[in-house]
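Read-outs: derived from the displayed coordinates by stated rules, not from any lab. Keep in mind that what you see is a predicted model, and the values were worked out from it rather than measured. Methodologically, a virtual Cβ is constructed for each residue, glycine included, from the backbone with ideal geometry; neighbour enumeration extends over all protein chains shown.
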């Protein structure tokens, strides 16, 4: 029990996914005095690191990444050369993650979705003429429908939609005041049979039943 060494007593793992053995082997490589022997042993360690990876083992770019990790674990305090001849520098181990750009769309009109913005971009590039005017009417009608689905408690008129279309297109898509946005409407429910048509069918059945009933009454009287 006296010879047992706990992990808490050992040096902290620099890259934990490679484990304690890889880190110890790299530390041992530092103690090798001969350059060729040290180089050969370092290449062997990198091959072990590649075997621990699940994919892209034969990818040269992935192999360069393993060498970078090798130097990070060695704290860049070892004299070996990767196959590509480029020795990683300590600054490369402190790479900052790429900045993620947030969407630039106006949050005021996010209820219309990305699809509407794409339609607006397409309409702006169209040549002036009847097709563009019709396309603008379709976009406005779709926006009106989307607005109703988003906020059913509030009434929306065509003037509001036209103004928002103007703002979303930076003033490039304007619509006349007399244009009515009714190109797209909500789907109606399936039509049902009217009472009148139902009356015909039920009346026909009653008429047929009356005839059969009359014949049976006459036959009954004859038998008597």
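Which order, highest average first, do 14-22, 164-172 follow once you tally other Cβ atoms within 10 Å for each residue and take the mean per peptide? Intermediate values should be presented prior to the final figure.
Details: 14-22: 13.8, 164-172: 15.4.
For the peptides 14-22, 164-172, the packing ranking is 164-172, 14-22.
I want to make sure I understand the PRE zone here: with the label point 7 angstrom from the Cα of residue 28 toward its beta carbon, which residues in segment 60-82 have backbone N atoms less than 17 Å away?
Only 74 pass the distance filter.
Taking the mean number of other Cβ atoms within 10 Å as a proxy for protection, how do you rank 75-84, 142-151 from highest to lowest?
Numbers: 75-84: 14.2, 142-151: 16.8.
Listed from highest to lowest mean packing, they are 142-151, 75-84.
Under the definition of Cα pairs under 8 Å and six or more residues apart, what whole-number percent is the relative contact order of segment 10-94?
Details: 62 pairs, mean separation 25.5, N = 85.
Reported as a whole number, the value is 30 percent.
As an exercise, find the ratio Rg/Rh for segment 10-94 from alpha-carbon atoms, using the Kirkwood inverse-distance average for Rh. Write out the running numbers ahead of the final one.
Numbers: Rg = 12.1 Å, Rh = 13.1 Å.
Using only Cα positions, Rg/Rh for segment 10-94 is 0.93.
Between residue 20 and residue 122, 0.36 nm times their residue separation minus their Cα-Cα distance comes to what? Write out the running numbers ahead of the final one.
Details: separation 102, 0.36 × 102 = 36.72 nm, distance 5.78 nm.
Result: 30.9 nm gained on full extension.
Using 0.36 nm per residue of separation minus the Cα-Cα distance, give me the extension gain between residue 39 and residue 160 in nm, one decimal. Mind dumping the intermediate values first?
Numbers: separation 121, 0.36 × 121 = 43.56 nm, distance 7.30 nm.
Between residue 39 and residue 160, full extension yields an extra 36.3 nm.
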